[in-house]
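Working notes, beginning with the structure itself.
The values are calculated or read from the model by the stated rules, or taken from the named source; none is laboratory data. Computed from a predicted model, the values in this text were never measured in an experiment. So basically every Cβ, Gly included, is an ideal-geometry build from the backbone, and we count neighbours across all protein chains shown.
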């Protein structure tokens, strides 16, 4: 017993005087990934191997989160663990390597693909996977593999199979609501109209989109089924109904109805078609959005004299003001973890995208252009896409939340606005 | 036995009456709204439009919906025409700055401001139709102060 | 009888040890250096050092001045005048105290300087994961050779966030040498840098 105390006292002398150096900042560099062309079994077309790895590479570098190694800088082309040598990749400054193999193709065109991911610095394999899919859907296969790789490296859910909805206004004449892949591919027009369209929002099951259409001469909410194409007006007991936002459980819409010219926020049950009033104020109350736990809503109100963000408890109807800085804070939405919000912040005539922790006091602006609006966030909470303007033309731009990357989506024929990021496929 | 049933039935009837009353409230709200909602489906034939040689627009400051003296005098000039017209359509608009849904509400508020002025001047509310297009239908599609000031407007049409 | 003496001696030794332990706690050698603080903490001491150096009369300069002549004599007078004789009565224990203060401050400066270089080096290879709203801390114990070679490192206090810990280990794998250590005074090396900890922190702020 005494001996034990002796030991502790002697060693504790050292523990209490050890130097501790804090590391608070990381590198601005991006992780570098080598996407090695997948190998193929005999008698399989080589193109599959190249295609799959190229598609994965395109996905992973899409939002500027990673750097990729050029194929002509690769020292070897392993497709199995046995052929994999860490030093080939360490020399090239690579942090992660992806290898894979097309194992078989059957008569129906179904491919069996296996893949692995290596952490070069730690010299360990961190992922093994196998996937089966049809050659007609090779893009879909690559998206799933990309998701797995992304998740392993970042710890965040991969979003490569999510979609983006947005409004395009071509030549000031036609308005269209469109849906495309996250990289802009496979664009589909959902609805086309000579009258304006606004505020698209996805149902949580990704099967429907709600939006505002002026086809009948005034703002009216429609719900469109993405598969059947059927459209239904919710015709909520009054004029000017707008700002539809689906509840997390998919059973209600938060929306704005303007009874007697006073816009207030309601919750509309899709089942019972009943309206439940949430705000009752002579000011403008609009732009509601649900918290991820469905208990609260954030909304914009000018009851204080200028547009600011407020939070309302859906049960108790108690309200709380969220923003004080600046004369214009609107179109607020919650981060997927419910702890922060992002919104449009007006500052000296510039309108920018900003964020704020619900528990904090300060606003951080994310953009520095001046006509930014309609921000939407990826379901993993890592990327924000918003609408902005350049030379009179509207386009979509985005940034990653660790601040390291900014990008713009390819321009379209017309002014693009109001992006809405789809939820994850459940 | 009967007594036992009386009470719950009584409460039931009371509840039904309350429900009907609140429904009536809703209905009356929507009746009031009917004067707006009938914008839908009501066709405006261009032939029906009453032409005046007046400037048919009233303008506003950024994020404001108040009428200034020149706006009011323009509207005064309209009054005789409005009295003769069957329908007055007020269309509210905003410039592109700020968020779209808020601008939709702001446009409506501007149109309502004009409506209230007309009502004060004796025009019947039943004649007046209010619509807002927010920032969706700008007159000028430039991002300049000039274009913005032209877009912050209420357009008046008479039928 | 012998037993008794030994037992009481044992107890005495233990008490001594305990007291030394208590003293070591209070003469805190822990020097927490973080990115923003490094040089600022020392500013006071640096200025103190130069002040103290000014006040101590030096033999050398006075000799030179004797050779030079009148103008230099003026300087001595000025120097003497600048010393508030009352306040700064220089005595031997005072000199010793000042010297040890300088030594300690010099040591601190050196430690801070090296630490700051190590900070920059580690930061340049650490690809911090996107931890958004989580505040995380991971501590790595490093065993260094005087040559600068990292003999061993160990994640002694993981953050328990797999991705964060992985990023820390990945960063450690990118470095095998801390050249800045070479040439540092042996005493300072042994007591501070032979074994030290890196504390990787995530602030939980949206950057």
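Values computed for the structure shown
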| read-out | value |
| --- | --- |
| Among (1) part of a helix (DSSP H, G or I); (2) farther than 25 Å from residue A:162 by Cα; (3) in contact with a strand residue (DSSP E or B) (Cβ under 8 Å, 6 or more places away or on another chain) - the single one residue A:78 does not satisfy | (1) |
| Residue satisfying all of: in region C:191-204; more than 8 Å from every other protein chain (Cβ to nearest Cβ) and at pLDDT below 90; farthest from the chain's Cα centre (by Cα) among these | C:204 |
| Odd one out for residue A:25 among (1) at pLDDT 90 or above; (2) within 14 Å of chain C (Cβ to nearest Cβ) | (1) |
| Strands (runs of 3 or more DSSP E) lying entirely in region A:327-426 (those with 1 or more residues that are within 11 Å of chain B (Cβ to nearest Cβ) and buried (at least 16 other Cβ atoms within 10 Å of the Cβ)) | A:328-334, A:340-347, A:350-357, A:373-377, A:383-390, A:393-400, A:415-421 |
| Residue in region A:73-87 that is surrounded by 14 or more Cβ atoms within 10 Å (Cβ to Cβ), modelled with pLDDT of 95 or more, within 14 Å of chain C (Cβ to nearest Cβ) and under 23 Å from residue A:122 (Cβ atoms) present | yes |
| Residues of region A:286-316 satisfying the condition of being farther than 24 Å from residue A:204 by Cα and either more than 25 Å from the chain's Cα centre (by Cα) or surrounded by fewer than 19 Cβ atoms within 10 Å (Cβ to Cβ) (or both) | A:301, A:302, A:303, A:304, A:305, A:306, A:307, A:316 |
| Matching residues in region C:146-165 - criterion: being facing chain A (nearest Cβ under 8 Å) and touching a helix residue (DSSP H, G or I) at 6+ places or on another chain (Cβ under 9 Å) | C:163 |
| Output for region B:120-155, where each listed residue is surrounded by fewer than 14 Cβ atoms within 10 Å (Cβ to Cβ) and under 18 Å from residue B:76 (Cβ atoms) | B:120, B:122, B:124 |
| Test: residue A:269 is assigned by TED's automatic domain parsing to the domain that holds residue A:301 and without any contact (Cβ under 8 Å) to a residue 12 or more places away in the chain | no |
| Verdict on residue A:55 being buried (at least 16 other Cβ atoms within 10 Å of the Cβ), under 20 Å from the mean Cα position of the chain (by Cα) and modelled with pLDDT of 95 or more | yes |
| In region A:210-260, the residues that are part of a loop (DSSP other than H, G, I, E, B) and buried (at least 24 other Cβ atoms within 10 Å of the Cβ) | A:218, A:219, A:239, A:240 |
| Residue list for region A:90-112, filter: away from chain C (no Cβ under 14 Å) and within 15 Å of residue A:35 (Cα to Cα) | A:98, A:99, A:100, A:101, A:102 |
| Selection count where residues are in a loop (DSSP other than H, G, I, E, B) and either touching a strand residue (DSSP E or B) at 6+ places or on another chain (Cβ under 7 Å) or over 16 Å from residue A:396 (Cα atoms) (or both), scope region A:173-193 | 4 |
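Residues checked against (1) in contact (Cβ under 8 Å) with a residue 40 or more places away in the chain; (2) over 25 Å from residue A:185 (Cα atoms):
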| site | (1), (2) |
| --- | --- |
| A:79 | yes, yes |
| A:82 | no, yes |
| A:91 | no, yes |
| A:113 | yes, no |
| A:118 | no, yes |
| A:125 | yes, yes |
| A:130 | no, yes |
| A:138 | yes, no |
| A:143 | yes, no |
